[in-house]
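There's a structure below that I have some questions on.
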Amino acid sequence: MSRLLLVVLASLPVLAFGAAVTCRYGDRTLRPGQSHVFEQNCARHNCTCSPGVAGSDMCKSTMIGCLESSGSRCYKAGEAATVTGASGPMHCVCQQESGGSFTFANCRTETCRDSRTGEAKKKGQQVTTVSGGVTYICTCAGVDGFQNCRTDEAVRNEGRCLDAASGSYVEVGAPATTERDGAVLHCTCGGTNAYVSCRSPLCRDVSGSDKKAGEKVTVENGGVMFVCDCAGLEGYRNCLSKEQFDNAGKCKDIEGRYVDRGQRYRVRYGGVRYECTCDGDNRGKECSAL
């Protein structure tokens, strides 16, 4: 009983004369006129104990980062942060705005929003997205966005070929046209826009120009030059060596010279030399042995 009385008596001066006025900021207790700078709730506070002044006027506060919604952590500018958004966790970066405020920017979600169903798809799941007015079927890559994207049209026509002439898709093994280097090729569909056994309706001349069906075309085969009729998809017809073509209607004598039709020339048949009249294309008439 006597001990309790002593405690009460020891407090009497404070109670009798009034407690000293102090201010509490953060973990510090200040007397009037004293200041304290501390960080709390992602802000730097500079407070001065000023009795009689409104509490909001005693401190000047400056934001120093981005405060997580739960208030559990403060992220500095440039620091990566994982925050909770409406669609789940988001990976963001704390960014300081021109006015000095801070905000979470460049946020990427761990899920992908399916544009067709509105569902949030997880990493590895198939997801539909639209870009530039074109619908794509992709694999959700989480914070990395989308991977392995193909157009919706390509997915629906898996294993088939687009026929350039009709604009429709054809099955494997069916005829299909495609364009290559500005030329239309007639091919066979080999599956998923693979064109095999392709042929061109044009014939490529040794000069590099393309000839249409019925036109003369010069080609090389085995080191020998030939002049042919372009047969379009069927290739070449009526081929003559360049030498034969250039000397059509003439006859070649035993010395390798060509003579015109009607002229006499020498030729060898069965080891016997004859002199004949050229009847065109190495055909002789009116021959006499020499």
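The values are calculated or read from the model by the stated rules, or taken from the named source; none is laboratory data. All values derive from a computational prediction rather than experimental measurement. Cβ sites come from the backbone with ideal geometry, for glycine too, and all protein chains shown count toward neighbours.
Any idea how many residues of segment 156-165 are part of a helix (DSSP H, G or I) and surrounded by 14 or more Cβ atoms within 10 Å (Cβ to Cβ)?
Quick first cut of segment 156-165, residues part of a helix (DSSP H, G or I) only: 156.
Remaining after also requiring surrounded by 14 or more Cβ atoms within 10 Å (Cβ to Cβ): none.
The qualifying residues number 0.
Let me ask something else about it. Within the set of pairs 6+ apart or on separate chains, which have a first residue in segment 20-47 that is within 14 Å of K60 (Cβ to Cβ) and among the acidic types (D, E), a second that is modelled with pLDDT of 90 or more and surrounded by 12 or more Cβ atoms within 10 Å (Cβ to Cβ), and C-beta atoms under 7 Å apart?
Here the result reads E39/I64, each pair linking segment 20-47 to a residue that is modelled with pLDDT of 90 or more and surrounded by 12 or more Cβ atoms within 10 Å (Cβ to Cβ).
Return yes or no: is V272 among the hydrophobic types (A, V, I, L, M, F, W, C), loosely packed, with under 11 Cβ neighbours inside 10 Å and in contact with a Ser or Thr (Cβ under 8 Å, 6 or more places away or on another chain)?
Values: among the hydrophobic types (A, V, I, L, M, F, W, C): yes; loosely packed, with under 11 Cβ neighbours inside 10 Å: yes; in contact with a Ser or Thr (Cβ under 8 Å, 6 or more places away or on another chain): no.
It is false that V272 is among the hydrophobic types (A, V, I, L, M, F, W, C), loosely packed, with under 11 Cβ neighbours inside 10 Å and in contact with a Ser or Thr (Cβ under 8 Å, 6 or more places away or on another chain).
Does at least one position in segment 276-283 carry a residue that is small (G, A, S), surrounded by 14 or more Cβ atoms within 10 Å (Cβ to Cβ) and more than 42 Å from the chain's Cα centre (by Cα)? Give the steps one after another, and end with the answer.
Pass one, segment 276-283, residues small (G, A, S): 280.
Still in the running and surrounded by 14 or more Cβ atoms within 10 Å (Cβ to Cβ): 280.
If we keep only those that are more than 42 Å from the chain's Cα centre (by Cα) as well, we get 280.
Yes, some residue in segment 276-283 is small (G, A, S), surrounded by 14 or more Cβ atoms within 10 Å (Cβ to Cβ) and more than 42 Å from the chain's Cα centre (by Cα).
Sticking with this structure for a sec: Going by the structure shown, is C276 at pLDDT 90 or above and in contact with a Gly (Cβ under 6 Å, 6 or more places away or on another chain)?
Working: at pLDDT 90 or above: yes; in contact with a Gly (Cβ under 6 Å, 6 or more places away or on another chain): yes.
Criteria met by C276.
Please go through segment 174-191 and give me each residue that is of a type in the set (G, A, S) and within 18 Å of G159 (Cβ to Cβ), ordered by number. Explain how you work it out, then say what you get.
Filtering segment 174-191 for residues of a type in the set (G, A, S) gives 174, 176, 182-183, 190-191.
Across segment 174-191, the qualifying residues are A174, A176, G190, G191.
Follow-up question, since we're still on this one. Here are the criteria: (1) in the same structural domain as E119 (by TED's automatic domain parsing); (2) at pLDDT 90 or above; (3) over 37 Å from the mean Cα position of the chain (by Cα). Tell me which single one T103 does not satisfy.
(3)
Another question, if that's okay. If you check G214, G191, G182, G208, which single one turns out to be surrounded by 13 or more Cβ atoms within 10 Å (Cβ to Cβ) and either within 13 Å of A231 (Cβ to Cβ) or not hydrophobic (A, V, I, L, M, F, W, C) (or both)?
Working: G214 fails: surrounded by 13 or more Cβ atoms within 10 Å (Cβ to Cβ); G182 fails: surrounded by 13 or more Cβ atoms within 10 Å (Cβ to Cβ); G208 fails: surrounded by 13 or more Cβ atoms within 10 Å (Cβ to Cβ).
That would be G191, the only listed residue that is surrounded by 13 or more Cβ atoms within 10 Å (Cβ to Cβ) and either within 13 Å of A231 (Cβ to Cβ) or not hydrophobic (A, V, I, L, M, F, W, C) (or both).
Return the residue satisfying two criteria in turn: it lies in segment 227-267 and is in a strand (DSSP E or B) and free of Cβ contacts under 8 Å to residues at least 12 places away in the same chain, and of such residues it is surrounded by the most Cβ atoms within 10 Å (Cβ to Cβ).
Y258
Restricting attention to segment 166-187, which residues are outside any strand (DSSP E or B) and either of a type in the set (F, W, Y) or modelled with pLDDT of 90 or more (or both)?
First, the residues of segment 166-187 that are outside any strand (DSSP E or B): 166-168, 171-174, 181-182.
Of everything in segment 166-187, those that are outside any strand (DSSP E or B) and either of a type in the set (F, W, Y) or modelled with pLDDT of 90 or more (or both) turn out to be S166, G167, S168, E171, V172, G173, A174.
Quick one: count up the residues across segment 111-146 that are part of a strand (DSSP E or B) and exposed (fewer than 13 other Cβ atoms within 10 Å of the Cβ). Lay out the reasoning, then the answer.
Start the filter on segment 111-146 by keeping residues that are part of a strand (DSSP E or B), which leaves 112-113, 120-121, 126-131, 134-140, 146.
Filter once more, keeping what is exposed (fewer than 13 other Cβ atoms within 10 Å of the Cβ): 130-131, 134.
Number of matching residues: 3.
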